[in-house]
Amino acid sequence: MDVDRFEIRLSGSGGQGIILASIILAEAAGIFEGYHVSQTQSYGPEARGGKCKAEVVISSKQIDYPKAVQIDMMLAMNQASCDAYCYGFKPNGLLLVDSGLVEQVPTSRVVELPFTKIAREAAGKDMVANIVALGVLGYLCPILSINSLEAAMAARVPKGTEKLNNKALQAGINAASKFDLDNLPRSIIPDEEEEI
């Protein structure tokens, strides 16, 4: 698929696996799909608990600026990261949040699913909530295939955890497949002709 520029921002707390998820996403797009990819990350001085974000820019062309400018998709794994990093969307941008940890969302174009709860139920561990979220994001992302995501994840997660992470990824994919995007508003920005 020819893609001019597709931007994804992932955010959460240090220790939630945001950076790992973004690397898997970038490798799925770059290595397995053949796109040009840029992956950047930033986090506070705290190793765990502080806000962190990572951005992945995907394009069929060479990428001239590595950071996200207008977001197509954003993942927020907690309220603090949603509050801090939820800006700069394209009009049809999509926000994905962990509904167990994010109570206030600034847009109506949102997919709210309990990633941490799904991880606990499907894989028995909260720590794979990032992979559940990655499964949801991958399923809803129009330019990536699930096969690429599975291959990138299998190559990147620590040895011996492939089965656990695959369970989490599949649980995310299953949860996303039940979500009806057609019921969301088409745009974050209200249509000027619509009466409010």
List the number of the failed condition for Gly135; all other conditions in (1) crowded, with 23+ Cβ neighbours inside 10 Å; (2) more than 22 Å from Val3 (Cβ to Cβ) hold.
-> (2)
Restricting attention to the stretch 87-110, does a residue exist that is more than 22 Å from Ala176 (Cα to Cα), assigned to a strand (DSSP E or B) and at pLDDT 95 or above?
-> no
Failed criterion for Ile196 (all others in (1) surrounded by fewer than 17 Cβ atoms within 10 Å (Cβ to Cβ); (2) among the hydrophobic types (A, V, I, L, M, F, W, C); (3) modelled with pLDDT of 95 or more hold) | (3)
Please tell me if Ala151 is assigned to a helix (DSSP H, G or I), touching a Phe, Trp or Tyr at 6+ places or on another chain (Cβ under 6 Å) and among the hydrophobic types (A, V, I, L, M, F, W, C).
-> yes
Candidate set: the stretch 82-105, residues that are surrounded by fewer than 18 Cβ atoms within 10 Å (Cβ to Cβ) and of a type in the set (Asp, Glu); chosen: the one farthest from Arg9 (Cα to Cα) | Glu103
What is the one condition in (1) farther than 18 Å from Arg9 by Cβ; (2) out of contact with any helix residue (DSSP H, G or I) (no Cβ under 9 Å at 6 or more places or on another chain); (3) at pLDDT 95 or above that Ala119 does not satisfy?
-> (2)
Can you name the condition, by its number, that Ser108 falls short on among (1) of a type in the set (Ser, Thr, Tyr); (2) within 16 Å of the chain's Cα centre (by Cα); (3) surrounded by fewer than 17 Cβ atoms within 10 Å (Cβ to Cβ)?
-> (2)
Leu164 vs (1) of a type outside the set (Gly, Ala, Ser); (2) part of a helix (DSSP H, G or I); (3) under 14 Å from the mean Cα position of the chain (by Cα); (4) surrounded by fewer than 23 Cβ atoms within 10 Å (Cβ to Cβ): all pass except (3)
Tally time: how many residues in the stretch 67-86 are assigned to a strand (DSSP E or B) and polar (S, T, N, Q)?
-> 0
Can you pull out the residues in the stretch 1-38 that are modelled with pLDDT of 90 or more and touching an Asp or Glu at 6+ places or on another chain (Cβ under 7 Å)?
-> Phe6, Glu7, Ile8, Arg9
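In the list Ile24, Ile8, which residue meets the criterion of being touching a residue at least 40 places away in the same chain (Cβ under 8 Å), assigned to a strand (DSSP E or B) and touching a Leu at 6+ places or on another chain (Cβ under 8 Å)?
That would be Ile8, the only listed residue that is touching a residue at least 40 places away in the same chain (Cβ under 8 Å), assigned to a strand (DSSP E or B) and touching a Leu at 6+ places or on another chain (Cβ under 8 Å).
Table: residues versus (1) under 16 Å from Cys82 (Cα atoms); (2) under 13 Å from the mean Cα position of the chain (by Cα).
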site: Asp4; (1), (2): no, no
site: Ile18; (1), (2): yes, yes
site: Ile23; (1), (2): no, yes
site: Glu27; (1), (2): no, no
site: Ile31; (1), (2): no, no
site: Ser42; (1), (2): yes, no
site: Val57; (1), (2): no, yes
site: Ser60; (1), (2): no, no
Is there a residue being touching a residue at least 24 places away in the same chain (Cβ under 8 Å), surrounded by 21 or more Cβ atoms within 10 Å (Cβ to Cβ) and under 19 Å from Val111 (Cβ atoms) anywhere in the stretch 62-69?
-> yes
Taking the condition under 18 Å from Met77 (Cα atoms), part of a helix (DSSP H, G or I) and in contact (Cβ under 8 Å) with a residue 40 or more places away in the chain, does Leu137 pass?
-> yes
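The values are calculated or read from the model by the stated rules, or taken from the named source; none is laboratory data. Since this is a predicted model, take the numbers as computed values, not measurements. Positions of Cβ are backbone-derived with ideal geometry, glycine not excepted, and every protein chain shown enters the neighbour counts.
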